[in-house]
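What follows is a single structure, written as structure tokens, with notes after it.
The values are calculated or read from the model by the stated rules, or taken from the named source; none is laboratory data. Just so it is clear, the structure is predicted and the values come from calculations on it, not from any experiment. Reconstructed Cβ throughout: ideal geometry from the backbone, glycine too, with neighbour counts over all protein chains shown. Heavy atoms of the whole protein, side chains included, go into the accessibility calculation; ligands, DNA and RNA do not. Shrake-Rupley method; radii C 1.70, N 1.55, O 1.52, S 1.80 Å.
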Amino acid sequence: MVVREAGRSRITAAHGAARANGIALIGRSSAVNINSRQDAIERLFNYAALSYNALMPVGTLPPDWLCALHRATELPFILSELLERLDTRDGLTDLGVRVLVQGHRLLADATEAAYKTQARNALE
């Protein structure tokens, strides 16, 4: 677990380097799957305060969580998993979603399968 102050100093340093080089920063957090709703919102709100250009909550969000996150910040969202009840362009756009990465899970599963196959072959 990264101490928040240590994480904050790393984020600040990355932000300075990105700004100097014209790179957009995306605040990515898995807190929505690990911690409470309030903690996830607080973490993403802290990213917004550090001048990130977009937020990427990782994992499947219940629609009410996405609504709460959208109320907490005006930054655009990048989602990696489609929400069942919001899979229309207008529904997602109204909640600040600007990019929906499809196939993310497929890539992760393929990578894991390749790793396991290589590990099994190394033991034989």
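Please work out which residue is farthest from the chain's Cα centre (by Cα), limiting yourself to the range 21-50 and to residues that are open to solvent by 70 Å² or more (accessible area, probe 1.4 Å) and free of Cβ contacts under 8 Å to residues at least 12 places away in the same chain.
ASN21
Going through the range 21-49 one residue at a time, which ones are assigned to a loop (DSSP other than H, G, I, E, B) and more than 16 Å from PHE77 (Cβ to Cβ)?
GLY22, ILE23, ASN35, SER36
Is one or more of the residues making up the range 51-66 among the acidic types (Asp, Glu), open to solvent by 70 Å² or more (accessible area, probe 1.4 Å) and at pLDDT below 75?
no
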